[in-house]
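The structure under discussion appears below in the form of structure tokens.
Taken together, the values in this text are just the output of simple stated rules run on the coordinates, not laboratory data. Quick caveat, the model's predicted, so the values are computed rather than measured. We place every Cβ from the backbone using ideal geometry, glycine too, and count neighbours over all the protein chains shown.
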Amino acid sequence: MTGERAAISIRGRPRGRALLNQRGQRRWEFNPLVRSRVRADDEVVNTPTTATARARGIANFEARGPLSAQLLSALSLSPEEGSEALDSFPSEIDEAIASASSVMTDDDLQLTLFILYGLHYGGVVDADDRWEWNPTTIAARVAIETAFERELRAAVTLPELPVPDAEAVAQALFELTADDGGPSLSKFIAAKASREQLVELVAQRSIYTLKEADPHSWAIPRLGGRAKVAMVEIQADEYGGGRPERMHATIFARMMRAMGLDDTYGSYVDNVPALTIASFTMMSMFGLNRRLRGAITGHLAAFEMTSSIPSGLYARGLRRLGYGDDVTHYYDEHVEADAVHEQIAARDLAGGLAESEPQLLADIMFGAAACLLMDGLVGQHIFTAWSEGRSSLRLPLEGTDV
Ligand SMILES: [Fe+2]
Ligand SMILES: [Fe+2]
């Protein structure tokens, strides 16, 4: 942040001069001197209008309710100026959590958590960097995380715990991640999905995959010995093994461009449902909390153990529809890479951590089961929508070259 700020525009009530956004819609530029609280029916947009924001490739996305609107408004200001705008934020978060039927599927809570994690990742909102460790934004993050974690722990069924040795833990993880025989999104993609559906899928996946590996990398300094070495070995591959053009996130971005999609991070936040955001916020929560290092380890293990075969099916579906190697490269790469990663992740990473810190065994299995639960819910959401002839997206994609 260099002193320039993103303009926050508010539709609903005139508070400043009118301007047109990039979609040609009339909006109102927020006047930060007007201190009145943002109402639920205002539309607040994260609109990067400064040269700095554009150079950083920060995308537009819209608030989904009073919490995300209030947060985006405050983040357009310095922490000194914006803190006042967040006076009622803690109590409003508590109220939203109390009234939400599910934190996992609540649009406003999930987008708010996504923005708060964005302060740690960077590249999500054009905010003063000092907001990252602002007491109010941290407290908000912890409040939503606490409710989200409670909900996840209630939803996940833990398997019987193995003894804490590497081989037994690996075996338990392989059993847990074995195909449950339910409807398979990847088989549908290989055999039947349309071009439009595959473009939609890649837009859904972009919320995590353009930041592939980053949520798990938060855990590296929180591990030690064999588990740390295993995590670094996997992540080194994810980050291209010394070659920037081979970073998995970079290969994914190339695939997006080749499919006519915008590879700016967050371009499709508006389009995806809360559940898709939740799959990313969940792993960010596991990675960013040292006490959850068991969960992020189990999550990565399950993620790697359920990737190789579906990746081959995704690549087959893309080829069936006429896409070339520039598009299939990402999934081709994961067929081989994740067949190796799953072995390291199960034995050395998860198994190694269980041996050195046996008290984390339950959380290792929790993280793995939570990964499967979330993947299952997202997959089921997409599969059900497509089976009923609907899009799985919250808003349709605009201007894609399908
Ligand atoms: Fe990868
Ligand atoms: Fe991998």
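Values computed for the structure shown
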read-out: Separation in nanometres of the label points that stand 7 Å from Cα toward Cβ, at Ala385 and Ser101; value: 1.8
read-out: Proximal charge balance of Ala219 [Cβ under 10 Å; K/R count +1, D/E count -1]; value: +4
read-out: Mean-position separation - Cα centroids, segment 78-148 and segment 367-397, in angstrom; value: 25
read-out: Coil-residue chymotrypsin sites (Phe, Trp or Tyr not before Pro) of segment 311-360, DSSP, other Cβ within 10 Å capped at 10; value: none
read-out: Translational D in µm²/s for segment 159-387 (Stokes-Einstein at 37 °C, 0.692 mPa s, Kirkwood Rh from C-alpha pairs); value: 185
read-out: Trypsin sites (Lys or Arg not before Pro) within segment 88-171, DSSP loop, no more than 10 other Cβ atoms inside 10 Å; value: none
read-out: Local electrostatic count at Met247 - Lys and Arg +1, Asp and Glu -1, tallied over other residues with Cβ under 12 Å; value: -2
read-out: Where the Cα pairs of segment 142-279 fall when distances are cut into 10 Å bins, in %; value: 9, 24, 38, 25, 3
read-out: Over segment 197-307, relative contact order from alpha-carbon pairs under 8 Å, at least 6 apart, %; value: 37
read-out: At most 10 other Cβ within 10 Å, DSSP loop - trypsin sites (Lys or Arg not before Pro), segment 311-393; value: Arg390
read-out: Cα point-scatterer Debye curve for segment 327-392, base-10 log of I(q)/I(0) at q = 0.22, 0.23 Å⁻¹; value: -0.97, -0.99
read-out: About the Cα centre, charge dipole magnitude for segment 159-387 (Lys/Arg +1, Asp/Glu -1 at Cβ), debye; value: 420
read-out: Least to most buried among Val44, Val124, Val163 (fewest other Cβ within 10 Å first); value: Val163, Val124, Val44
read-out: Summed side-chain charge close to Gly317 - residues other than Gly317 whose Cβ falls under 14 Å, Lys, Arg +1, Asp, Glu -1; value: +4
